[in-house]
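K.L.:
Shown below is the structure under consideration.
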Amino acid sequence: MKSQLTVVGLGGSLAQHSSSLAALKIALEGAADAGAKTDLLDIRQLSLPMYDPGTENNPPESVRRMCDTIHKSDGLIWSSPMYNGTISGSFKNALDWLKLLGDRNPPYLTDKVIGLISTAGGMQGLQAVNTMEFVVRALRGWAVPLVMPIAQAWKAFDKQGLAQDAQLSEQLRALGREVARGSCQFALQPPTKADAAKAETEIMPLSDEEAKDRLSPI
């Protein structure tokens, strides 16, 4: 087992003052309080190109760095603004690039613990959290039960990214601590055993290319 676990935050937006990024930074502070090493992947600074399946064998350097950082992590915290009832396009684009982790060992986000945050301008933000949870399962990760949908985020943080409410700050820190705690437990004994991974592979639907091969004459 590693001497120190790493929790990576992925999120923010293209906005200059991003409430989702502010929330993510506070949650990472909670993970650090629990003893984890933390790293931040800011969507705005990543400046990722649009996902292009044709470049998977030779991805841009920015994509490669992001995927390497995420693969080496033990836990993740995702934070996206809610646009039109779902996650932002820039955040979804970053998640699309995680398809490159399919050939790693273990593949995708297997046995990584993930905390979820969304920030909304209106009165609810749970739809974005639900969307992220679908992605977590698809990539074989484990979402912690505590989630943070932050309503009316425009008044929840000041322009320096500080939470205006001490209770909100503590809740975000608690999420970070939960991710660190879960990551520690999974590191001691990963819950996904070899037989489960094999079974999942066997029930995965065929890709378009595999389906064509099956239909080709022998």
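K.L.:
Please go through the residue pairs LYS112/LYS155; LYS25/LYS112; LYS92/LYS159; LYS99/LYS159; LYS72/LYS155 and name each one whose alpha carbons sit more than 28 Å apart in this structure. Please report the intermediate quantities before stating the final value.
P.N.:
Details: LYS112/LYS155 32 Å; LYS25/LYS112 19 Å; LYS92/LYS159 25 Å; LYS99/LYS159 34 Å; LYS72/LYS155 35 Å.
Check vs 28 Å cut-off fails for LYS112/LYS155; LYS99/LYS159; LYS72/LYS155.
K.L.:
Compute, for the chain, the length of the dipole vector about the Cα centre, with Cβ point charges of +1 (Lys, Arg) and -1 (Asp, Glu) only. Units Debye, rounded to 20.
P.N.:
Numbers: 22 positive and 24 negative charges, 77 e Å.
In debye, rounded to 20, the chain gives about 360.
K.L.:
Set the Förster distance to 22 Å, then compute FRET efficiency between GLN160 and ARG64 from the Cβ-Cβ distance, nearest 0.05. Don't skip to the end; give the middle numbers.
P.N.:
Values: r = 32 Å, r/R0 = 1.47.
Efficiency computed from Cβ-Cβ geometry: 0.10.
K.L.:
Can you give the local net charge around ARG181? Use residues other than it whose beta-carbon is closer than 13 angstrom to its beta-carbon, Lys and Arg +1, Asp and Glu -1. Could you put the intermediate results ahead of the total?
P.N.:
On the way: positive: ARG173, ARG177; negative: ASP33, ASP74, GLU178.
Local charge sum for ARG181: -1.
K.L.:
Still on this structure: Which of the peptides 19-26, 126-133 is most tightly packed, and how do the rest follow, judged by the mean count of other Cβ atoms within 10 Å per residue?
P.N.:
Values: 19-26: 26.1, 126-133: 19.5.
Answer by packing, highest mean first, reads 19-26, 126-133.
K.L.:
Farthest toward the dipole's positive end in the chain, which of LEU76, SER183, SER3, given Cβ charges of +1 (Lys, Arg) and -1 (Asp, Glu) about the Cα centre?
P.N.:
Farthest towards the positive pole: SER3.
K.L.:
With all protein chains present, how much of the accessible area of the chain (probe radius 1.4 Å) comes from carbon and sulfur, to the nearest whole percent? Provide the component values of the computation, followed by the final result.
P.N.:
Working: 6240 of 11960 Å².
The computed percentage sits at 52.
K.L.:
Separate question: At 222 nm, what helix-only mean residue ellipticity would the chain give, in deg cm²/dmol to the nearest 500, using -39500 (n - 2.57) for each DSSP H run of four or more? Please list the in-between numbers first.
P.N.:
Values: 8 runs with 94 residues, N = 218.
Counting only the DSSP helices, I get -13500 deg cm²/dmol.
K.L.:
With the dipole of the chain worked out from charges on the C-beta (+1 for Lys and Arg, -1 for Asp and Glu) around the Cα centre, which of SER13, LEU109, THR86 lies farthest toward the positive end?
P.N.:
About the Cα centre, the residue reaching furthest to the positive side is SER13.
K.L.:
Any idea of the accessible area per residue across the chain, 1.4 Å probe, to the nearest Å²? Walk me through the numbers on the way to the answer.
P.N.:
Details: 11960 Å² over 218 residues.
Each residue of the chain exposes 55 Å² on average to a 1.4 Å probe.
K.L.:
Would you mind calculating the relative contact order of the stretch 72-199 from Cα pairs under 8 angstrom and at least 6 residues apart, reporting the percent as a whole number? Present the calculation step by step, with values, prior to reporting the outcome.
P.N.:
Details: 186 pairs, mean separation 35.1, N = 128.
Normalised by residue count, the contact order of the stretch 72-199 is 27 percent.
K.L.:
Then there's this: What is the chain's relative contact order, in percent, from Cα pairs under 8 angstrom and six or more apart in sequence? Could the numbers behind the result be given before it?
P.N.:
Working: 391 pairs, mean separation 54.9, N = 218.
About 25 percent, as a whole number.
K.L.:
Further, regarding this structure: Roughly how tilted is helix 194-203, in degrees to the nearest 10 and between 0 and 90, from the longest Cα axis of the chain?
P.N.:
Between helix and principal axis, roughly 70 degrees.
K.L.:
So for CYS67, CYS184, what's the accessible-area order with a 1.4 Å probe, most first? Please list the in-between numbers first.
P.N.:
Details: CYS67 0, CYS184 50 Å².
Ranked list, largest accessible area first: CYS184, CYS67.
The values are calculated or read from the model by the stated rules, or taken from the named source; none is laboratory data. Predicted model, so just to flag it, every value in this text is computed and none were measured. Ideal geometry is used to build each Cβ from the backbone, glycine not excepted, and the neighbour counts take in all protein chains shown. Heads up: the accessible areas ignore ligands, DNA and RNA and are worked out on the full protein's heavy atoms, side chains in. Shrake-Rupley method; radii C 1.70, N 1.55, O 1.52, S 1.80 Å.
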